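The values are calculated or read from the model by the stated rules, or taken from the named source; none is laboratory data. All values derive from a computational prediction rather than experimental measurement. Cβ placement follows ideal geometry from the backbone for every residue including glycine, while neighbour counts extend to all protein chains displayed. Note: areas computed on protein heavy atoms with side chains; ligands, DNA, RNA excluded. Shrake-Rupley method; radii C 1.70, N 1.55, O 1.52, S 1.80 Å.
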Amino acid sequence: MRSDWEVVIGLETHAQLNTVSKIFSGASTAFGAAPNEQACGVDIALPGVLPVLNQGAVARAIRFGLAIGAEIAPRSVFARKNYFYPDLPKGYQISQYELPVVVGGTLTIQVGEGDKAYSKTVQLTRAHLEEDAGKSLHEDFQGQSGIDLNRAGTPLLEIVTEPDMRSSAEAVAYAKALHSLVQWIDICDGNMQEGSFRCDANVSVRKKGAEKLGTRREIKNLNSFRFMQQAIDYEVQWQIEQLEDGHAIQQATVLFDPDTGETRSMRSKEDAHDYRYFPDPDLLPLAISAEWIDRVKSEMPELPEEKRRRYRSEYSMVAQDALALTSSLGMSRYFENTLAALREIPGIPYGTQAPDVANAKHVQNWVINNIASSLNKEQLEIEDSKVSSAQLAGLLARVFDNTISSNAAKKVFDALWNGEGNDADSIIETQGLKQVTDASAIEPIIDEVIAANAKNVEEYRAGKEKAFNALVGQVMKASKGKASPAQVNELLKKKLDA
Amino acid sequence: MSLSLEEVGRIARLARIELTPQDAEATQAKLSGIFGLIEQMQAVDTTGIAPMSHPQDLVQRLRTDEVTETNQREAFQAVAPEAERGLYLVPKVIE
């Protein structure tokens, strides 16, 4: 990309709210039912039916508003958005227009990794409640389309940002942070394959320093973070080329084709953008009392940002680690549960000061290095971890009390992960991994190693530290990992320096 | 304020209403009448009065989030013009 252009991106996200029933009817929202078995009279728009708003959907919108520090409108209004399509049997979608339920708010995102990482606060414009449409199936019928209205009436929260993002990386970082947040506060299952979380990106470019926004094109229905990145990058390139060739950008809605990696304009429907919104006479204004907001607030979990701040101050954690442990609510729970379980195990030496910091450090390293990487390898979520937090605590306890060496601990961890035992103690027992701390058992091994590695001994005495490490390695190997490296160090040094 | 025939045509198209040229003229007259009424109403001073979105000054009652509907697909599809394999069939809509 030429550096004299600036990219401007705003995102609109549809998060499907995880209520059990629909937003305006008592039909089920369960995924995967046979066509139209969960579409009741309201959903298929039989004449004479009336919508009744679902309290659970409103409560989730309040939760979201609180999580992003937004204003929850004491009074908001539902409006009809009029357009004709067979998967919208009423001829209008019930949405919110002038008075949405959530106004403003911010989301702080982390962009990039390592030295280039930076954080940025994205301003949100609004979030409003609306109903989803049904699905049209065009393939199976000659000259006809099949309509499945199971999804019609599913509650959605449409979350809109200001045009604050300046690269595809920022857009993806925002989408990921939002995706994590809606699951964290348990308002959306975040399942992108099933369409529970989908994004539209408004993309434009302008000359650096220009104040006026360029004409935007909207990329619809991005349902994976990878596609979002690809689609925006392609779109930006395309717009810059158009402008540099002297063409103007026409406002348009485009779709991303994952097969070609290109965006292309949808044939614009005539007057498609004239939705003729007006307040829905079937629905009275939605009132949200301060008491209701307080009640929802009291049920909110600690939010990711608060948690990160707490981890950093309570456990002296570095930013990167705090971020890793709050990548999901499940991950942070796993960390906290392991730490709590460890405290329950009697006889663990805590060290002399700030015991929890030392414990937390170990737990944090194990969760990030062993649990997270094992999950990654097998593409599992933390909830499916093959080593429970209690099992991990049991293992760490044996490292702390020197029953096993850190080498052996990795073996025990693998064994637990592979289901070779129920707890660390039984694996240590059956696999004979107990650390040998009896000097009289280790000394003969050290003697043997010294005798067999005369060259290393000579090099060490000539001042080569590396030679010493090689000897330690030999002893550890000969002890089958059961010796404590610290003790081997000490005994070996004593013998060599004698 | 009066409405042009073109504007009447556009409104009809958005509402998917077919108008003959004669209908269009009659509709133009009626709609212009409505706009006249609105103009009259707009002359009223409403300073300091909050707009209402509903004629009744009440708020929405909410329902508890629970499934209360059962599957009535058979009954609904019995009165549908066409249905097959559980789907409602309509003339092909893809462009």
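Look at the stretch A:29-43: where a residue is more than 16 Å from B:E84 (Cα to Cα) and a partner is assigned to a loop (DSSP other than H, G, I, E, B) and among the acidic types (D, E), sitting 6+ places away or on another chain with Cβ atoms under 6 Å, you get A:F31/A:E194; A:C40/B:E69. For the criterion of being open to solvent by 50 Å² or more (accessible area, probe 1.4 Å), under 30 Å from A:A34 (Cα atoms) and either facing another protein chain (nearest Cβ under 9 Å) or among the hydrophobic types (A, V, I, L, M, F, W, C) (or both), B:E74 fails. B:T20: among the hydroxyl-bearing types (S, T, Y), open to solvent by less than 100 Å² (accessible area, probe 1.4 Å), within 23 Å of A:F278 (Cα to Cα) and more than 7 Å from chain A (Cβ to nearest Cβ), yes or no? No; evaluated as a whole, the condition is false for this residue. Tell me which residues, restricted to the stretch A:421-438, are surrounded by 13 or more Cβ atoms within 10 Å (Cβ to Cβ) and not charged (D, E, K, R). Within the stretch A:421-438, A:G421, A:A424, A:S426, A:I427, A:I428, A:Q431, A:L433, A:Q435, A:V436, A:T437 meet the criteria. Among the residues of the stretch A:73-84, just one is within 25 Å of A:M300 (Cα to Cα) and either crowded, with 24+ Cβ neighbours inside 10 Å or polar (S, T, N, Q) (or both), namely A:S76.
When A:Q250, A:Q239, A:Q230 are checked against the criterion of being in contact (Cβ under 8 Å) with a residue 24 or more places away in the chain, more than 22 Å from A:Q16 (Cα to Cα), open to solvent by 50 Å² or more (accessible area, probe 1.4 Å) and touching a Lys or Arg at 6+ places or on another chain (Cβ under 9 Å), A:Q250 stands alone in meeting it. Restricting the stretch A:439-463 to residues that are free of Cβ contacts under 8 Å to residues at least 24 places away in the same chain, open to solvent by less than 70 Å² (accessible area, probe 1.4 Å) and touching a helix residue (DSSP H, G or I) at 6+ places or on another chain (Cβ under 9 Å), which is farthest from A:T403 (Cα to Cα)? Ranking the qualifying residues of the stretch A:439-463, first place goes to A:E459. For the residues A:L107, A:L99, the requirement of being buried (at least 16 other Cβ atoms within 10 Å of the Cβ) and in a strand (DSSP E or B) singles out A:L107. Output the qualifying pairs, or none if there are none: Cβ atoms under 6 angstrom, residues six or more apart or on different chains, first residue in the stretch A:405-417 and closer than 17 Å to A:H362 by Cα, second residue of a type outside the set (A, V, I, L, M). Cβ pairs passing all conditions: A:S405/A:Q435; A:S405/A:S484; A:N407/A:G481; A:A408/A:G481; A:F413/A:N370. Is it fair to say A:A173 is under 30 Å from the mean Cα position of the chain (by Cα) and under 26 Å from B:E82 (Cα atoms)? In short, no. Filtering the stretch A:30-60 to residues that are under 14 Å from A:L129 (Cβ atoms) and part of a loop (DSSP other than H, G, I, E, B) leaves A:P51, A:V52, A:L53.
Of all residues in the stretch A:36-62, those satisfying the criterion of being within 7 Å of chain B (Cβ to nearest Cβ), open to solvent by 10 Å² or more (accessible area, probe 1.4 Å) and in contact with a helix residue (DSSP H, G or I) (Cβ under 8 Å, 6 or more places away or on another chain) are A:E37, A:I44. Scanning the stretch A:377-405 for residues that are at pLDDT 85 or above and open to solvent by 60 Å² or more (accessible area, probe 1.4 Å) yields A:K377, A:E378, A:Q379, A:E381, A:E383, A:D384, A:K386, A:A390.
The residue that is surrounded by the fewest Cβ atoms within 10 Å (Cβ to Cβ), among those in the stretch A:125-152 that are at the interface with chain B (Cβ under 9 Å from one of its Cβ atoms), in a strand (DSSP E or B) and not acidic (D, E), is A:L137. Taking chain B and the helices (runs of 4 or more DSSP H) fully enclosed by it, the elements with 2 or more residues that are under 22 Å from the mean Cα position of the chain (by Cα) are at B:5-14, B:21-42.
Comparison of A:E194, A:E170 shows that the only residue that is in contact with a strand residue (DSSP E or B) (Cβ under 6 Å, 6 or more places away or on another chain) and touching a residue at least 24 places away in the same chain (Cβ under 8 Å) is A:E170.
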